[in-house]
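The values are calculated or read from the model by the stated rules, or taken from the named source; none is laboratory data. A quick note: this is a predicted structure, and the numbers were derived from the prediction, not measured. Ideal geometry is used to build each Cβ from the backbone, glycine not excepted, and the neighbour counts take in all protein chains shown.
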């Protein structure tokens, strides 16, 4: 692909993300996007034949960005575990249109829904591996498989839907404060399983995440 074509494609993707974030995926059509770009619709459909293809591309970009963060880390600590979620949640803010329209997109974009199943399996596997690393490094107490499965499910639930909940319940906070709130929630889910060493790290992170907590 030539540099000119690549630049045009990226320009389309960037403008689509901007408009989807501002108005919602459901409320921006290809004609509106073309007008904002000063292009013909055919210029866009050359790269993305349907709007679903464009949305799918954005989902791949988000997935790629998060995949660089959600890795099994042999040097993991409680602090770095929570910092990973802070970074992932910043990516969520950047691609917030996808999370805020999650149910709609899962119903309307079969290719994205199918890809999501694999992504969630990968994310849950990485989360289980991270928790096992925290156990092996002495930050988390040994726990049974059922309890570990519960912990993974609870943390994954917060990570998946925090942004929708924040949009409803925490509108008065800026995005940075919202991120701290939900990362602290993950810390609180983890706290009952921590060893004294792990708890010491959690308390250090809690000062940062919950500066107003008594």
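Can you name the residue in the range 68-82 that is in contact (Cβ under 8 Å) with a residue 40 or more places away in the chain and surrounded by fewer than 17 Cβ atoms within 10 Å (Cβ to Cβ) and is also nearest to the chain's Cα centre (by Cα) among such residues? Can you show your working first?
Within the range 68-82, the subset in contact (Cβ under 8 Å) with a residue 40 or more places away in the chain is 70-74, 76-79, 81-82.
Applying the additional criterion that residues be surrounded by fewer than 17 Cβ atoms within 10 Å (Cβ to Cβ) yields 71-74, 79.
On the way: 71: 14, 72: 17, 73: 18, 74: 22, 79: 18 Å.
For the range 68-82, the residue satisfying everything is 71.
Go through the range 27-71 and tell me which helices (runs of 4 or more DSSP H), entirely inside it, have 2 or more residues that are farther than 14 Å from residue 15 by Cα. Don't jump to the end; show me each part of the working.
Working: elements: 30-37, 41-45, 51-67.
Of the helices (runs of 4 or more DSSP H) lying wholly inside the range 27-71, those with at least 2 residues that are farther than 14 Å from residue 15 by Cα span 41-45, 51-67.
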>> Checking the conditions here, which among 55, 28 is at negative phi, in contact (Cβ under 8 Å) with a residue 40 or more places away in the chain and buried (at least 18 other Cβ atoms within 10 Å of the Cβ)?
In response: 55
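Is there a residue being more than 24 Å from residue 100 (Cα to Cα) and either modelled with pLDDT of 95 or more or assigned by TED's automatic domain parsing to the domain that holds residue 58 (or both) anywhere in the range 28-35?
Taking the range 28-35 first, the residues more than 24 Å from residue 100 (Cα to Cα) are 35.
This time we only want the ones that are either modelled with pLDDT of 95 or more or assigned by TED's automatic domain parsing to the domain that holds residue 58 (or both), so: 35.
The answer is yes; a qualifying residue exists.
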>> If residue 109 satisfies all but one of (1) within 23 Å of residue 24 (Cα to Cα); (2) under 10 Å from the mean Cα position of the chain (by Cα); (3) crowded, with 19+ Cβ neighbours inside 10 Å, what's the number of the condition it fails?
In response: (2)
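Among the residues of the range 185-209, write down those that are without any contact (Cβ under 8 Å) to a residue 60 or more places away in the chain and within 20 Å of residue 154 (Cα to Cα). Can you show your working first?
Within the range 185-209, the subset without any contact (Cβ under 8 Å) to a residue 60 or more places away in the chain is 185, 188-189, 191-193, 195-197, 199-200, 203, 206-208.
Matches in the range 185-209: 185, 188, 189, 191, 192, 193, 195, 199, 206.
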